[in-house]
1. Condition first: touching a strand residue (DSSP E or B) at 6+ places or on another chain (Cβ under 9 Å), of a type in the set (Ser, Thr, Tyr), within 16 Å of the ligand (Cβ to nearest atom) and farther than 23 Å from Asp65 by Cα. Can you find one or more residues in the range 123-134 that meet it?
2. Could you list all residues from the range 177-201 that are near the ligand (Cβ under 9 Å from one of its atoms) and of a type in the set (Ser, Thr, Tyr)?
3. Going through the range 70-93 one residue at a time, which ones are small (Gly, Ala, Ser) and in contact (Cβ under 8 Å) with a residue 40 or more places away in the chain?
4. Would you confirm, using the coordinates I've provided, whether Ala166 is within 13 Å of the ligand (Cβ to nearest atom), modelled with pLDDT under 95 and under 23 Å from Gln102 (Cβ atoms)?
5. Of all residues in the range 101-120 being touching a residue at least 60 places away in the same chain (Cβ under 8 Å) and within 15 Å of the ligand (Cβ to nearest atom), which is surrounded by the most Cβ atoms within 10 Å (Cβ to Cβ)?
6. Out of (1) touching a Lys or Arg at 6+ places or on another chain (Cβ under 9 Å); (2) more than 16 Å from Tyr199 (Cα to Cα); (3) within 16 Å of the ligand (Cβ to nearest atom), the odd one out for Ile301 is which?
7. Restricting attention to helices (runs of 4 or more DSSP H) lying wholly within the range 202-286, give those where 3 or more residues are within 12 Å of the ligand (Cβ to nearest atom).
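The values are calculated or read from the model by the stated rules, or taken from the named source; none is laboratory data. Fair warning: this is a prediction, and the values are worked out from it, not measured in the lab. Cβ placement follows ideal geometry from the backbone for every residue including glycine, while neighbour counts extend to all protein chains displayed.
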Amino acid sequence: MGAKYPNLRFRRLRQFPSIRNMIAETKLLKTDLIYPLFVREDINSIQEISTMPGLYHYPLDTITDEVKSVADLGIPAIILFGIPKHKDEKASYAYASEGIVQKAVRSIKEELGNKILVATDVCLCQYMSHGHCGIVENGIILNDPTLELLAKTALSHAEAGADIVAPSDMMDGRVRAIRKKLDENKKQDTIILSYAAKYASNFYGPFRGAAFSSPQFGDRSSYQMDYRNSDEAIREVALDIKEGADIIMVKPALSYLDVIYRVKTQFQYPTAAYNVSGEYGMVKAAAAQGLIDEKKIVLEILNSIKRAGADLILTYFAKDVAKWLD
Ligand code: PBG
């Protein structure tokens with residue numbers, strides 16, 4: 001038998017869905033997912049995000065209910081992005097105790113306690129009038145003076161009750177600065193999820209529309225990575241692990257599966273991948289035109305990201321996927 005149909009050996013294991021499922025090497029679970037949410041200070045009702053169909057801006061008094069519905073779907077974590085009313089040259093509202101993220105985290109934690117993990121994006125770009133992730137002087141983004149502001153921001157989130165802080169700025173040395181600040185202020189338990197290998201990517205367009213965080217001049221290529229490089233990702237990740245990151249992230253995900261694979265293989269560290277706004281937008285646009293089957297494509301994409309080595313996936317599809325996987 002084997003001699004006449006030598007390949008039957010492989011086909012036998014594919015013939016029934018139940019066998020395929022039992023031996024599937026990758027198993028996407030809703031407990032792998034982190035759902036990004038936007039809380040916005042200058043609105044009074046929930047508004048659809050024009051650049052991200054199917055996603056919404058939430059005013060403060062609605063965010064906790066939304067987080068509760070995410071928790072009820074069995075998604076273990078959210079990551080919160082703040083859209084402040086006021087911007088300035090030193091991102092004052094990024095680290096104000098009455099900032100929009102700090103208020104939202106307090107409200108979520110008061111209401112939901114440990115029902116869901118709350119991560120916060122730690123960055124300054126949404127809070128800076130010029131839209132860059134650091135302090136700007138004479139058109140240059142300054143690394144070291146920015147570190148103190150990032151550390152203050154992370155601490156203010158932790159003090160509000162965030163379980164995880166996620167620096168996305170890509171300044172050098174920020175994980176060390178944040179870890180030190182947290183430890184000095186009795187926040188040793190706060191987890192750092194660092195956007196360790198974050199590329200200067202064109203896939204962030206819809207997010208910047210949603211967060212009003214486009215740089216007003218230049219781009220982010222002096223601090224985010226060149227998409228032609230992957231050795232550099234290894235160096236960036238090594239540095240963040242050394243500085244104290246608990247979970248490291250590769251971002252974006254889909255065009256960077258090789259980077260996810262290399263990072264996971266090399267460090268065997270808890271690894272997250274961010275299925276970013278442009279990846280979401282391409283699927284939504286193609287699905288709206290009837291070119292692809294949204295559900296099937298999303299499951300294939302997320303399984304691929306997991307197969308590449310991601311333990312955790314940040315995705316705007318999390319709520320849909322949680323329902324599909326039930
Ligand atoms: C802030 C930040 C960005 C994203 C997450 N945090 C935008 C950027 O770096 O310009 C992008 C997320 C997405 O595109 O879904 N620095």
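1. yes
2. Tyr195, Ser201
3. Correct list: Ala71, Gly74, Ala77, Gly82, Ala91.
4. In short, no.
5. Restricting to residues being touching a residue at least 60 places away in the same chain (Cβ under 8 Å) and within 15 Å of the ligand (Cβ to nearest atom), the top hit is Val101.
6. (1)
7. 205-211
To keep it simple, each residue is scored yes or no on (1) surrounded by fewer than 19 Cβ atoms within 10 Å (Cβ to Cβ); (2) over 21 Å from Cys133 (Cα atoms); (3) without any contact (Cβ under 8 Å) to a residue 40 or more places away in the chain; (4) in contact with a strand residue (DSSP E or B) (Cβ under 9 Å, 6 or more places away or on another chain).
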{"site": "Glu159", "(1), (2), (3), (4)": "yes, yes, no, no"}
{"site": "Ser194", "(1), (2), (3), (4)": "no, no, no, yes"}
{"site": "Lys198", "(1), (2), (3), (4)": "no, no, no, yes"}
{"site": "Ile234", "(1), (2), (3), (4)": "yes, yes, yes, yes"}
{"site": "Ala245", "(1), (2), (3), (4)": "no, no, no, yes"}
{"site": "Val250", "(1), (2), (3), (4)": "no, no, no, yes"}
